[in-house]
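**Student:** One structure coming up, written as structure tokens, with questions to follow.
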Amino acid sequence: MNLFEEIKTKLTHEFIDIIEWLDYTDDTIAHRFERYQNEIKNNAKLIVREGQTAVFINEGQLADVFTAGTYTLNTQNLPILTTLKGWKYGFDSPFKAEVYFVNTHLFTDEKWGTKNPITLNDERFGLVEIRAFGTYAFKINDPGKFIVDVVGTDNNFTNFEINEHLKSLIATRFTDTVGEANFPIELYAANTTELSSTCRDVMQSDFNSVGISLEKFFIENVSMPEELKKEIFEYSRLEKLDLDKLTKFKAAKAMELAAKNEGTAGGAMGMGMGFMMAGQMGQVFGNSTAPGMQPAQGQLQQVAPPPLPMAVQYFYSAEGTQQGPVDFNALQSLFSSRKINKDTLIWKKGMGAWQALSEVDELKSFLGGSVPPPLPGSNS
């Protein structure tokens, strides 16, 4: 081997690089492999471990992406290198490229929450405010897109840097989703599993647009002001209570307490209040009375007045046809205007047959004194 070959062999071994990244942290998403002036030698070894992806960037443009494995960087296994500037002087000529290692394992237990309360319009309680928080998990599913669109020239990109963007995205999409769900306010806290699944589906496309996959999304709590929570609890109890039984129970308790203090002014007052409660609440809830009590005669009052009696409707004959129905006053007007007379046939509900107007008792007043009363002592 001549001197030139020895020098060439020696230089070959000296210039071979090993490009690898050992991640000793739990929060680094992307790390740029540092080399002087970004120079990589011909036949350099690239080692990509499980849970990693190597992304080559040349002059700001994506050159190639390597998944887990060991690679020798030359024009045979990396055709893109033939287009890179500087690759023209043989084994000792470096090519310039940036190498980013992307951590593709699952990033878990990332926190999210609503910075400001979300205002919702509930049919029963009006405008209400809720807050929510939980966790999510993500991974990088398109390393090339993630490096180009998100990382840029950052040499050590951590999940803290991307989390601020992701949490803002989550809060926005969560607000839209709960607004469109239009649940009764108490059901948001009771349906966190279904709501979590829906939110994840809604957000997935936004995550994918920057090379990230939203693997899991959990709503751990939906909270609301204490005053609203008390109102909801009271409303729920009222829906379940039998108010009639509750009224009787409270009246009985009042009288039981009064019986213990029998003979005192307080006892008499308690007894009176028990009767008053039973009477008043009984009127509200269908005239219910306390257990063992009978309502006094004439003391029951109707909650609503009885309906007005129906006016009597009359039918009459005119020119051989049936006319009507008309009420008493209208029939009297017809008689006064001589459109009907005492012989006009009349019928109303309850009559077996048509009768002349002069034979219907309540209509005889139309005739005035024209029809004398029966003679005294006569049978007619």
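**Student:** Give the number of residues within segment 7-58 that are at pLDDT below 65 and either assigned to a loop (DSSP other than H, G, I, E, B) or in the same structural domain as I212 (by TED's automatic domain parsing) (or both).
**Tutor:** Within segment 7-58, residues that are at pLDDT below 65 and either assigned to a loop (DSSP other than H, G, I, E, B) or in the same structural domain as I212 (by TED's automatic domain parsing) (or both) number 1.
**Student:** Looking at the structure I just gave you, is E262 modelled with pLDDT under 80 and more than 23 Å from the chain's Cα centre (by Cα)? Spell out how you get there, then give the answer.
**Tutor:** Details: modelled with pLDDT under 80: yes; more than 23 Å from the chain's Cα centre (by Cα): yes.
Criteria met by E262.
**Student:** Could you list all residues from segment 179-196 that are within 22 Å of N163 (Cβ to Cβ) and among the hydroxyl-bearing types (S, T, Y)?
**Tutor:** Initially, segment 179-196 is screened for residues within 22 Å of N163 (Cβ to Cβ), giving 192, 195-196.
Once the filter is applied, which keeps residues that are within 22 Å of N163 (Cβ to Cβ) and among the hydroxyl-bearing types (S, T, Y), segment 179-196 yields T192, S196.
**Student:** May I ask you to list pairs of residues, at least six apart or on different chains, whose Cβ atoms are under 6 Å apart, with the first in segment 358-374 being part of a loop (DSSP other than H, G, I, E, B) and the second being surrounded by 10 or more Cβ atoms within 10 Å (Cβ to Cβ) and at pLDDT 85 or above?
**Tutor:** Partner pairs satisfying both residue conditions: V360/I346.
**Student:** Now, a different point. Here is a list: L127, L187, L169. Which entry is within 28 Å of I57 (Cβ to Cβ), free of Cβ contacts under 8 Å to residues at least 40 places away in the same chain and of a type in the set (A, V, I, L, M)?
**Tutor:** L169
The values are calculated or read from the model by the stated rules, or taken from the named source; none is laboratory data. Being a predicted model, the structure only gives us computed values, none of them experimental. Don't worry about glycine lacking a Cβ; one is built from the backbone with ideal geometry, like all the others, and counts go over all protein chains shown.
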